[in-house]
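A quick write-up on the structure given underneath.
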Amino acid sequence: MMKFSAMVLASLLLMTSCAHLKGTPSSEPATPAVTPGNGTATPPAATPAAPAKTENGKSAEVAKAPAPKPTVKPESLDKPDTSLHPRGIDFGATIRTIAFGSGANQDLPQPLWNGIAANNPDLFLFMGDSVKPGKDAKSLKAAYAKMDLIPEYRAFREKVPFMATWDDQDYNAKDFVKYWTYVGNSTSFGQKGIYHSKIIGPKKKQVQIIMLDTRSFKTAPDDPKATILGDMQWDWFEAQLKRQAQVRIIVTSFPLIPAEHGTDKWGSYPKERQRFFDLLKKTGANNLFVASGDRRQSSISKTGVKDWGMLFEVTASPINEPAAAAEDDASFEGQGAAVESFGYAQIDWQGRKMSLQIRDGSNKVLNSVSFKIR
């Protein structure tokens, strides 16, 4: 009997001990499971690491690897780059700095964009020859696809809003408007040509950008009815100059004031050039300057307009591929510069002054003038 009682007591003690062990967490690591069929041990799934904490106790983001640079594939040259996100214009923002230039070859490096970006301009004006497709090219698609792969341009385009017009190199209505999509939304229904304008800024600090189209209507200089803008664009231009704005920039793809070089120039169309000057006087538009490109060299020129005042022009070119030597002209203020360069305008609203500059790739000021805002 006592032997039987001892056995029962031992059984109860064993059951109590097992129950205690089952309810207590083990301090030993779990034994890896064995995958059936090959006898290989499978390690347990790793527990995700807790996010790092900053000093204020908030989770810090884990640094991500930089995105790879876009690479060009032959089959992608005719397709738009949907990964590029150009910055749009904030029409309510106060404009204080504007950069502008022309003449870019997408097959060559374009480090100048870094120099322009260092100024953090509020707007960039592309004044023609935004790509160089080649004489036999029937489309701009491949040229723009290559342009979008240039890292400096790509980064700048996503940071700074652009406005653009064309010149002879990028004169292709279908492809130009497909690339510069805002242009199609900025012209009148059924309008021939791409002339357009924008007024940016709050009241009393409004800047008007007038982008002329000097290609769509241009005839030969010796034509009896020689023209650059055409009658409809002239009427539109006059109406634009009558709009309310405190500062204006008029963009023409080739020079207005300099007249001594041999190629594209308003000087080859003396009646059109004089009509431009007369229109300034007729409308009373003031606080303006002309910005131009095409020459693959940069300069500042000036001319007195009778009963209006002194008119300045900044020719800013090129983004790359400069001319072999700088030109000279009686209208130049200072020396021309045959280097990679851009134009830069600074508006001092408080001091009522505008500064016009030419800068090179190192952001060095090569030439400058200023005038008062009346």
Arrange His85, His261, His196 by Cβ neighbour counts within 10 Å, fewest through most, would you?
His85, His261, His196
In whole Hz, the Karplus estimates of ³J(HN,Hα) for the range 176-192 (6.51, -1.76, 1.60; θ = phi - 60°; x where Gly or Pro) are 4, 5, 5, 7, 8, 4, 5, 4, x, 8, 10, 10, 6, 4, x, 5, 8
Here the net charge surrounding Phe237, from other residues whose Cβ is less than 13 Å away from its Cβ (Lys, Arg +1; Asp, Glu -1), is -1
Percent of Cα-Cα pairs more than 16 Å apart in the range 247-317, please.
44
Please list the three semi-axes, largest first and in whole Å, of the ellipsoid equivalent to the range 118-253, using sqrt of 5 times the eigenvalues of its alpha carbon gyration tensor.
24, 23, 12
Pop the C-beta distance of Arg96 and Glu333 into the FRET formula with R0 = 25 Å and round what comes out to the nearest 0.05.
0.60
Dipole magnitude of the range 93-372 about its Cα centre (Cβ charges: Lys, Arg +1; Asp, Glu -1), debye to nearest 20
1140
Ranked packing of 127-140, 233-246, most packed first, by mean Cβ within 10 Å:
127-140, 233-246
Two-decimal Rg/Rh of the range 93-372 from alpha-carbon positions, Kirkwood Rh?
0.93
Placing each pseudo-label 7 Å from Cα in the direction of the beta carbon, Ile89 and Ser186 end up separated by a distance in nanometres of 0.4
Can you give the extra length, in nm with one decimal, that the chain gains between Ala323 and Lys174 once fully stretched, where that is 0.36 nm per residue apart less the Cα-Cα distance?
50.7 nm
List residues of the range 88-128, by number, whose backbone nitrogen lies under 11 Å from a label position 7 Å along Cα→C-beta of Ala137.
104-108
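Laboratory data are not the source of any read-out in this text; all were calculated from the coordinates shown. Since the structure is predicted, the reported quantities are computational estimates derived from the model, not experimental observations. Every residue, glycine among them, receives a Cβ derived from its backbone with ideal geometry; neighbour counts consider all protein chains shown.
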